1. Can you tell me which of 11, 245, 176 moves the most in a GNM of the chain? Springs connect C-alpha atoms under 10 Å apart.
2. Please rank 278, 295, fewest neighbouring Cβ atoms within 10 Å first, as an exposure proxy.
3. As a footprinting exposure proxy, order 96, 7 by other Cβ within 10 Å, with the fewest listed first.
4. Pick from 125, 165, 142: which is most flexible by mean-square fluctuation in a GNM of the chain where alpha carbon atoms under 10 Å apart are linked?
5. Highest GNM mean-square fluctuation, the chain, Cα pairs closer than 10 Å: which of 192, 17, 237?
6. Which of 139, 46, 105 has the fewest other C-beta atoms within 10 Å, and how do the rest follow up to the most?
7. How large is the direction-averaged shadow of the alpha-carbon convex hull of the chain, in nm²?
8. By how many degrees, 0 to 90 and rounded to 10, does the Cα axis of helix 231-245 deviate from the longest principal axis of the chain?
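Read the figures in this text as sums done on the coordinates, not as results from a lab. The model shown is predicted, which means the values in this text are computed figures rather than measured ones. Positions of Cβ are generated from backbone atoms using ideal geometry, with glycine treated the same way; all protein chains shown enter the neighbour counts.
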């Protein structure tokens, strides 16, 4: 049996792409496969699963040496289970930059394309009969992944291919993209039941700039005030989260989806320096607004400086 999973802190794309590829392997390739998650999916992913009638994938337990796996939506060993290099990795499907560090037991299929969503990559490499027999529910997952990762085509990571596939699937399903996106983003914006530490890890990736390690957290929301209203407690929790996670600092970017801007919390001089050197802004206070910044992959990570 092939275990399929994405990255830690699973979002809509990591969660649902694993399910999409499990459907493809089981029903088109006649290979036994099952989707897993490496943590609790975010609220948007849970909404999407319920909307399209899928159970939440099981949490992956200990990964044994030699187990057959497919990795989706990441190629970074820091975002994968311990012992990943001892597994029998058969395939990697991703849309992020190539990090390096994964080793395999044999030559494998690796598909990494510069599009906004792993689901876009999957749809693009499928052929008939997959595209002709794909159930509406699977189409709904792919559409949801693209809407999520493009922020309804607002993100600079959006490509014509993402939009083309999303509009094709929406047409097949009779879905109005703006209305459905509003439902998804409303689900993503509900943070009421998360602790501060959970929020700081909810959608985050570890990244190093020189000798400085960061947990780069992004909260995409249509209700930024709900997050910023917890600003003081979030900043007071950053030290403990950084220490527990083995990094020097947590960077929290609150992305306002509708206004297409991010607010960076500035708890100390290190983050002030990062903000000013990375984004060319002047920081006066414990937050700074970054107009037009919505993408961690394309606008935040590549620009970080200390």
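1. Among 11, 245, 176, the largest mean-square fluctuation in the Gaussian network model of the chain belongs to 176.
2. 278, 295
3. Ordered from fewest to most neighbouring Cβ atoms within 10 Å, 96, 7 come out as 96, 7.
4. Highest fluctuation among the options: 125.
5. 192
6. Fewest-to-most ranking of 139, 46, 105: 105, 46, 139.
7. Details: hull surface 60.2 nm².
It is 15.0 nm².
8. Here the helix axis deviates by roughly 60 degrees.
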